[in-house]
Amino acid sequence: MIGSRQILRSALLQALAFNLTFFVQELFLVLPKALTPGLRPTLFHNNHTWQGDSPLASLFQGTGALAIFLLGLGCALFGRRSLFWLWMAFDGLFQSLTQVVLTPVFPGSDVGLAMSFFGLGATARAALVVAAVLAMVFASRWFARRLPGSFFAAGLLALLLVIPFRVPRELLEVAVFPALVTVPGLLCIQLWTLGVAREPVPESNSIGLPLLALLALLLVFQLLLRPGIRFY
């Protein structure tokens, strides 16, 4: 039977993983720009900005998604026996792949701008979207075998815990974006749990360490990153 403490612990770990993954994405959006003559980027808790101009700026809008995709793969390969690293793998893969899938709806998104830099036409973009969907389906089956039964409720609860990390900003970025890159993956995994043999990682009821880690990260986001860190 799934206990409320198990759900809460898993939600804390997922909220921690979500925000760390998002930070990695923004960091790798900023670092290439910081190394590019003519660009002066600033990292914030929920986005980044830059001053100046360079033809490479659009290209570097895709480096964040690439970084967290590779992060997700690494966590899936080497951390599959830990619930935290499983959530890191989930967020890395689904935050990146979902951005590819959403490019037809948001062509001006980070990944959409990177596609424009390469001059990708409608056919090439559609092929990437299909590839991303297939990758999400495959990944969902993999996660369905390993995530504990509390994952769906924990994933939804984590969306509420993520909000304090992203305010103040418009509703789309504070709540809608986290839902868009999380809920489709949770639903797809839930469907796979009906037809695969499950080998979930052992769960714990301890919430102290995940809670302290999440609160510490929140302080970093709101006190250090929210005012902005200049990379120039």
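The values are calculated or read from the model by the stated rules, or taken from the named source; none is laboratory data. Just so it is clear, the structure is predicted and the values come from calculations on it, not from any experiment. Note: ideal-geometry Cβ built from the backbone for every residue, glycine included; neighbour counts use all protein chains shown. When the accessible area is computed, the model is the full protein with side chains, heavy atoms only, and any ligands, DNA or RNA have been set aside. Shrake-Rupley method; radii C 1.70, N 1.55, O 1.52, S 1.80 Å.
The residues listed here are L56, L97, L71; of these, the one that is open to solvent by 40 Å² or more (accessible area, probe 1.4 Å) and within 21 Å of A179 (Cα to Cα) is L71.
Can T36 be described as touching a strand residue (DSSP E or B) at 6+ places or on another chain (Cβ under 9 Å), modelled with pLDDT of 95 or more, closer than 23 Å to L223 by Cβ and not basic (K, R)? For T36, the condition - touching a strand residue (DSSP E or B) at 6+ places or on another chain (Cβ under 9 Å), modelled with pLDDT of 95 or more, closer than 23 Å to L223 by Cβ and not basic (K, R) - is not met.
Within the range 136-156, the residues that satisfy the criterion of being surrounded by fewer than 18 Cβ atoms within 10 Å (Cβ to Cβ) and among the aliphatic types (A, V, I, L, M) are V137, A153, L156. Looking at the range 185-196, is at least one residue under 30 Å from P227 (Cβ atoms) and more than 15 Å from the chain's Cα centre (by Cα)? No: the range 185-196 contains no residue that is under 30 Å from P227 (Cβ atoms) and more than 15 Å from the chain's Cα centre (by Cα).
Filter the range 187-232 for residues that are in a loop (DSSP other than H, G, I, E, B), in contact with a helix residue (DSSP H, G or I) (Cβ under 7 Å, 6 or more places away or on another chain) and of a type outside the set (S, T, N, Q) and give the result. Answer for the range 187-232, where residues must be in a loop (DSSP other than H, G, I, E, B), in contact with a helix residue (DSSP H, G or I) (Cβ under 7 Å, 6 or more places away or on another chain) and of a type outside the set (S, T, N, Q): V196, A197, R198, E199, P200, V201, E203, I207, F231, Y232.
Just one residue in the set A17, A89 is under 27 Å from A131 (Cβ atoms), crowded, with 21+ Cβ neighbours inside 10 Å and out of contact with any Lys or Arg (no Cβ under 9 Å at 6 or more places or on another chain); that residue is A17. Test L172 against the stated conditions and say whether it is in a helix (DSSP H, G or I), in contact (Cβ under 8 Å) with a residue 12 or more places away in the chain, hydrophobic (A, V, I, L, M, F, W, C) and within 16 Å of T103 (Cα to Cα). No, not satisfied.
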